[in-house]
Amino acid sequence: MIANDVLKFQLAGSFTMLSERIAAVSDAEWTERAFPGTNLLGFILWHTPRTIDWAIHCAIQGLPELATRDGWSGLRARDFLYGAGIPQETADDVAKSVPRAEVAKYVNELRGMVLGWLTSQTDADLERIPELQAHQRVNPRYLTEPVWAEVSSLAGRPTWEILARPCISHIRVHIGEIDTLIGAVRAHAGPPRDQGGPTRSANSNS
């Protein structure tokens, strides 16, 4: 097994876990807050695929993300960027204005694009160091201080590391957060509802 295979396996797992959790929450839970100071579930489940989209298309390739292209205006990417460095009230607006069904469609479309691209990458491609800061000029707002500060540590890092950090480990951290918040929201609501929880564990990789 080569590095590409390992990364593709892990990245496929990121998409599977996101799709499962988007399907598991209700539209009402999408905009519920589990505890004061925590993000709404809908924001986290929007931010995670947006981060993958940003990493693959903007950070690595210097291209516009899928979410900014024709047909995806419902994701509000031009208003909310990819969720890094924004205040909580803006994050709340994401959950309240972007429907769960739209994010589900986006994750499915993004999965095919990303895994297809990754299949074509060689070991040399994965070792290449992208011009991360220059690539942010795809959207100059990505270079504003609050946003750039969140991702500037990736500058000078190889492509494989950008895949492994924002697209894999970052997603798994959020998966644990999502599962905790879903449990808390349902506990606060009283008797168990019929939505069910995620059908696979937080370590799913397929």
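Results, tabulated for the structure shown:
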| read-out | value |
| --- | --- |
| Relative contact order (percent, whole number), region 3-189, Cα cutoff 8 Å, 6+ residue spacing | 34 |
| Order of 65, 131 - criterion: other Cβ atoms within 10 Å of each residue's Cβ, fewest first | 131, 65 |
| Using alpha-carbon coordinates, inclination of helix 41-53 to the longest axis of the chain, degrees | 10 |
| Cα-derived Rg to Rh of region 3-189, Kirkwood definition | 0.95 |
| Choice from 71, 112, 42 showing the highest fluctuation, given a GNM over the chain with Cα pairs closer than 10 Å | 71 |
| Neighbour cut-off at most 14 other Cβ (10 Å), DSSP loop, trypsin sites (Lys or Arg not before Pro), region 4-96 | 69 |
| Which of 188, 134, 85, positive extreme of dipole for region 70-195 (C-beta unit charges) | 188 |
| Among 17, 116, 67 the positive-end extreme of the charge dipole of the chain (Cβ point charges) | 17 |
| Trypsin sites (Lys or Arg not before Pro) restricted to DSSP loop in region 118-152 with at most 14 other C-beta within 10 Å | 128 |
| Net charge of neighbours whose Cβ lies under 10 Å from the Cβ of residue 139, counting Lys and Arg as +1 and Asp and Glu as -1 | +2 |
| Per-residue ³J(HN,Hα) for region 16-30, Karplus 6.51 cos²θ - 1.76 cosθ + 1.60, θ = phi - 60°, Hz, x for Gly and Pro | 4, 5, 5, 4, 4, 6, 4, 5, 7, 8, 8, 4, 5, 5, 3 |
| Simple Cβ-charge dipole of the chain, Lys/Arg +1 and Asp/Glu -1, about Cα centre, in debye nearest 20 | 140 |
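Bear in mind that the values in this text are calculations on the coordinates, not laboratory data. Note that the structure is predicted; figures quoted are calculated from it, not measured. Cβ atoms come from the backbone with ideal geometry, glycine included; neighbour counts cover every protein chain shown.
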